[in-house]
Structure formats: structure tokens, C-alpha cells
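Right, one structure below, let's go through it.
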Amino acid sequence: ETRGGGHAGAVAAWTEVPLAAGLGVHLEGGLGYEEPFTDRAGLCRLVAHAPPLLLLSWDLFTVGPHYPSLRRDQEGIGVSGRIWAAPLTFRFSVEHWRDNVWRDPLRPVVGRSFLNLHFDWSPEEWPVGFWSGLAADRARETGPSPAVDSRTRRLEVGMRGDAETFSFSLLGRWQESLDFTGPAGTHSLQFEQRFLLDWEPLTGRLELRQEALYDLSWALVERDESVSFSLQSTGSPHRISLRWLHRRAGGEVQCALSFQATPELSFTGGASWGWGPGGRPTGLSLEGGFEYRFPWQVPFLPAKGWLMGEVFVDLDGDGLRDPREEGVAGAVLETAEVRVSTNQAGEFKFPPLEPGEYALALVRLPLGLRPLVPSPQTVSVQLARETWVLCPVEPRGRILGVVFEDADQDGERDPEEFGLAEVEVALYRAEELVASTLTDPQGEFSFWDLPAGDYRLRLGRLPGRYQATTPEEIHLSLAPGAEGEVAFGAWEPPREVVITFQPPLADFSWSPELPVVGQSVTFDGTLSVDFDGEVVAWEWDFTGDGVVDATGPQVTWTFSQPGTYLVTLTVTDNEGHQGSWEMEVEVSPAG
């Protein structure tokens, strides 16, 4: 990997070492150069993961002053993590590092410590959520008369809400900044209120902000207040927008209008008025214009048009870009063997093209995004005209989960409870099977690249005599680009052994485990045992009506309708004793 110009570069290698279930070590080392020096970097990270409750990470790092990196000339330790217990999420990070890694005696050594705490409380059944954050930053140069000796502390408290057409956020922030070399310092207070109304065909936004700066004795140094309001039309080729802003130092109001009379003729206009302190006018401006596209081709001039547009995250899936929907930077599009990429706003523009029909393809998107329109799509480029194309994409989510040995049968995974391998988990959307998978040796499973929506996860047949201690079916709603976490618990009850006059123990399996209508299913009852004799008869009831539908240790059966069937096997031993075992078999629609 080369970073920067031709006089600096670096190469790095890494490996991961699993230590136990949910515990591993990440080791990384690198060599770099910055002419005329060579340098090195190293990282050791211990990660503990117990989804969905806990994620912890311990870091030990060192980066030389001439190694190309954002952490150059730093060495230190860090601890970070996340604790999630719905509806509460707690995130934290603690870090301490020092510079002058080469121990240059002519340079001072500055040590720095950081602390960040974040709490979030967002009940699913509530349309509002609350959060707060605490941060501290301490920097000091070693020695008796340090040139660097400062401390910053910050506290934030906020609330947010989101409904179908209305959302809001409230924020309060206090910050203290101290410079002990002066000494000098300040206190600052900031309050923000934002309200967004998205009601077709208009969107409105209201923002209120108050800021105040104080010295260490809380004497006011300066303050400012502002209020702004904006209104914009959406979903129409005719656009109108209005913005009003007022502060202590003055303000302004702006109005803009765009009217498309015909495909060739459009009119634009706008006005703005500003004022200073006390409402004294400072300026007035008016502008207007029109645009007419002549479909006339001059014989000696190139006859071409322009193809441009935007790639954006379409959160509501309406195919139109709303103010709160962000553009996608770095997307690559291709047409006529020409490739372009989008800018930070998600916009793209091809070189001039001959008039005609073109196939526009999205050939590359950032990870986790999928197009909502066919790719390639057919677009038309006209003479001396700009063709604007909307390319909406949707963020894809994922579901992570685990099937674990619930030894205490409390439905929650404890650190000493291991995962169960080779357990099938099926993912459904409505009544359609999306995918199925088997758990890995740690009992973990995952489903990736999922669109937003409601999902249903169903636990397959458990190994041995394990029984579920949590619901065997979990419903989950996945927001666009979100990550969902689930956990299935299972417990293996001790087998009761009776030597004398013990009835036979019925047990069976079937294949395939997820049958469909019209598919032949093989049922195997040879798993049944009799500890004081032998099994001599097998009777099967596939419809739950108490009537024997088949006999024998191995039989086949075909289900004619989808649904959940209670299948019962009754076995008889050589002494006439009987034992039964019943299990539910889910049959999916064919196709």
C-alpha cells in the first residue's frame, strides 16, 4: 500500500488467533518509509464478543513518527466496548498515548488521555429516544514547565423523535476548556432544536440555536441566538423554496422559483432581502431569467447532449430524493464504454454524448448498498439538452445470531454457556423462505444483504434431546441498513433411566427437514430404543387425528397442504409396553 506521494509508503500484515468461543486476538504489523527514514508500526487487539449483549476490545499500539498513518508518532493503550440491553445501549472508549516514540532527547514528550461515554435509550414501542454523552480530554507535556497542559470536558444530553411525516431532535451541550499554562479557560453552553416536516408535496425545516461563551468565573464573554425556517416543494418539475434566517447580527430571507413551461422553455426567479442589527435593511436583490433550448443543429458544430444525474440512498423507497436522503459518493456508472464516478454529493456527469438511446449501468456501489432500479437502464440523450437521471439505492442490513447451550434455562446466554454447532436456522419474509443456514462451531450464524422489512427466524431440529428454552420462532423488523441480533437457547434434559418394566422410548427424524407440499418425506423411527427389551412395532399418525396412517420403522409420507403438522410415533416393545413421541413438522408451499 502506498500512501501520499512517491517518497512515502507502507506495507502491513495481520492475523487473527481465536482463543475461545467469543474471544480472539488480532495482531498487525507494518513497515513504512518516509525518505530518508524507515519506520514500523504494531497493534495487538484482544476482542471479546458475546452477542448481542457485550462487545469489548483492548488495544496496545505503537506507530513510529515516519510511518504513514493517522496515528504516526503515537504509542499507547485503549479500551472500548458496547453493552446492549434493550432498550438501553452503552458505548465507551478510554485511551492513553504519548508521542516521541523514538525517544528523541531534543523533543518534549506529550501524553494524552481520552474518555468517551455514550448512553442511548430507545424503546421500540416509543416514537422517541433519549441519549447523553460525556467526554474528557487531558494533554500534558512532561517536565517542570510544560508548554502543553490542557483539559477539555464535555457533557451532552439529547432527545429525538421520528414519525411518518414529522421528526425532531433536541440537544443541550456544556463544554469546559482549560489551559493550565496561562492559566486561561472558558465555559460554553449550546442548545439546538430541529424540527422536520416531510409532507408531500412540501418539506419544512425549523432550527433554533442558542450559544453562550463564559470565562472561568462564568462572566459572559459573548453569545448568539439564531432561528431559521425553510420550505421547499418536492415531487414536481416546478420548484419553489423559501428560507428565513435571523441572528443577533442580522438576517435574511430568500425566495427562489423555477417554472418549466415546456420541455424547451423554463423560467427562474428569485429575491433576497437582508438586514443588520436592529432590523436595519442592508440589501435587496432581485433576479430572473429564462432558458430556451433550440433543437436546431448547426451543420459545422458538434451535435451532442449531456447525461448526468445522482445516486442517493432512497430511505422511503419512492424513487425521489428528499432533503434528508444523502448522496452516495464513489459509485461508478458506465455507458458507451465510458465510466464516471459520483462526487461527495452523489452527482455524476458524462462527457458529451451523441443523441440517442443508451444503456446506463451501476457497475460499482459501496458495500451494503443495492440499486432500486434495473441496471442497466435505458436513458435517452437529446440534442443540446441535459438528461438528468435519478439512481436510487437502498442500504442492505444483516442479521447476526447464535444458538447456545442454555444450561440454567433462563433464556439468556451467560459467558460460560457455549454455542451449539450444526443447527439449522431458517429465515422467512412473509411466508417465503429467504435462506437457511447451519450454525458454525461457536453456534453463530448470519444472514447478509437483506432489504428492510419484517422477518421471521425459525429454529430447526436441535441435536440429541435438546429442547428450546426460548421461542423457536423470533420475529424481527429490520430498518434500512440496520443490524439485527437474535439468540436461541436450548437445553438437554437428563434422560431418566428405568431398568425394570420401562416402556420403550420413541424418537424419530425426517428428511428433508424443511419439506414442501407434494414432496415425499422419509420418517425414520429407528432412533427409538427399549432399555429392557426390544421395539417390535412402530405406528405413525401424520394428521394429528389419532388414526394410524402408516406402520414400520421407516416410512414415507406426502403432505398435500402447507401448514404445521403434529406427527406422532407410537412404539411397542416385546412386553407390550408402549411409548409415544410427537414433533411439529412445518410444510411450506411448493415453488
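The values are calculated or read from the model by the stated rules, or taken from the named source; none is laboratory data. Fair warning: this is a prediction, and the values are worked out from it, not measured in the lab. FYI the Cβ positions are ideal-geometry reconstructions off the backbone, even for glycines, and counts take in every protein chain you see.
In the stretch 190-221, what residues are surrounded by 13 or more Cβ atoms within 10 Å (Cβ to Cβ) and among the acidic types (Asp, Glu)? Full working, then the answer.
At the first step, the residues of the stretch 190-221 found to be surrounded by 13 or more Cβ atoms within 10 Å (Cβ to Cβ) are 190-198, 200, 202-214, 216.
Within the stretch 190-221, 192, 198, 200, 207, 211 qualify.
Kindly evaluate residue 283 against the criterion of being within 19 Å of residue 230 (Cα to Cα) and either in contact with a Phe, Trp or Tyr (Cβ under 9 Å, 6 or more places away or on another chain) or assigned to a strand (DSSP E or B) (or both). No, not satisfied. Count of the stretch 549-563 residues, restricted to those that are farther than 15 Å from residue 512 by Cα and surrounded by fewer than 13 Cβ atoms within 10 Å (Cβ to Cβ), is 5. So which residues in the stretch 218-239 are polar (S, T, N, Q), closer than 30 Å to residue 317 by Cα and either touching a residue at least 40 places away in the same chain (Cβ under 8 Å) or in a strand (DSSP E or B) (or both)? Once the filter is applied, which keeps residues that are polar (S, T, N, Q), closer than 30 Å to residue 317 by Cα and either touching a residue at least 40 places away in the same chain (Cβ under 8 Å) or in a strand (DSSP E or B) (or both), the stretch 218-239 yields 228, 230, 232, 233, 234.
Looking across 544, 576, one residue alone is modelled with pLDDT under 90 and surrounded by 12 or more Cβ atoms within 10 Å (Cβ to Cβ). It is 544. Counting only residues that are among the aliphatic types (A, V, I, L, M), part of a strand (DSSP E or B) and either touching a residue at least 40 places away in the same chain (Cβ under 8 Å) or surrounded by 14 or more Cβ atoms within 10 Å (Cβ to Cβ) (or both), the stretch 436-484 holds 7 of them. Condition first: farther than 30 Å from residue 427 by Cβ, touching a residue at least 12 places away in the same chain (Cβ under 8 Å) and outside any strand (DSSP E or B). Now tell me which residues in the stretch 573-591 satisfy that. Selection gives 574, 575, 577.
Scanning the stretch 240-280 for residues that are outside any strand (DSSP E or B), under 28 Å from residue 196 (Cα atoms) and under 43 Å from the mean Cα position of the chain (by Cα) gives 248, 249.
Would you tally the residues in the stretch 336-381 being among the acidic types (Asp, Glu) and in contact (Cβ under 8 Å) with a residue 40 or more places away in the chain? Write out each step before concluding.
Applying the first criterion (among the acidic types (Asp, Glu)) to the stretch 336-381 yields 337, 347, 354, 357.
Remaining after also requiring in contact (Cβ under 8 Å) with a residue 40 or more places away in the chain: 354.
Residues meeting the conditions: 1.
Looking at the stretch 367-411 only, could you name the residues that are surrounded by 15 or more Cβ atoms within 10 Å (Cβ to Cβ), under 30 Å from residue 437 (Cα atoms) and touching a Ser or Thr at 6+ places or on another chain (Cβ under 9 Å)? Matches in the stretch 367-411: 398, 399, 400, 401, 402, 403, 406. Answer yes or no: is there a residue in the stretch 350-368 that is assigned by TED's automatic domain parsing to the domain that holds residue 315 and touching a Cys at 6+ places or on another chain (Cβ under 9 Å). Among the residues of the stretch 350-368, at least one is assigned by TED's automatic domain parsing to the domain that holds residue 315 and touching a Cys at 6+ places or on another chain (Cβ under 9 Å), which makes the answer yes. Looking across 93, 132, 150, one residue alone is buried (at least 16 other Cβ atoms within 10 Å of the Cβ), under 29 Å from the mean Cα position of the chain (by Cα) and polar (S, T, N, Q). It is 93.
Condition first: more than 25 Å from residue 83 (Cβ to Cβ), assigned to a strand (DSSP E or B) and not assigned by TED's automatic domain parsing to the domain that holds residue 314. Can you find one or more residues in the stretch 403-418 that meet it? Walk me through it before giving the result.
Going through the stretch 403-418, the residues more than 25 Å from residue 83 (Cβ to Cβ) turn out to be none.
No, every residue in the stretch 403-418 fails to be more than 25 Å from residue 83 (Cβ to Cβ), assigned to a strand (DSSP E or B) and not assigned by TED's automatic domain parsing to the domain that holds residue 314.
For the stretch 558-572, the set of residues classified as in contact with a strand residue (DSSP E or B) (Cβ under 7 Å, 6 or more places away or on another chain) and in contact (Cβ under 8 Å) with a residue 40 or more places away in the chain consists of 558, 559, 562, 567, 569, 570, 571, 572, listed by residue number. When restricted to residues that are farther than 28 Å from residue 415 by Cβ and of a type in the set (Val, Ile, Thr), the stretch 55-99 contains 2. Give the stretch 305-321 a look and list any residue that's part of a loop (DSSP other than H, G, I, E, B), modelled with pLDDT of 85 or more and charged (D, E, K, R), or say none. Scanning the stretch 305-321 gives 314, 321.
Being aromatic (Phe, Trp, Tyr) and assigned to a strand (DSSP E or B) is the filter here; which residues of the stretch 176-217 pass it? Explain how you work it out, then say what you get.
First, the residues of the stretch 176-217 that are aromatic (Phe, Trp, Tyr): 180, 191, 195, 199, 214.
Passing the criteria: 191, 195, 199, 214.
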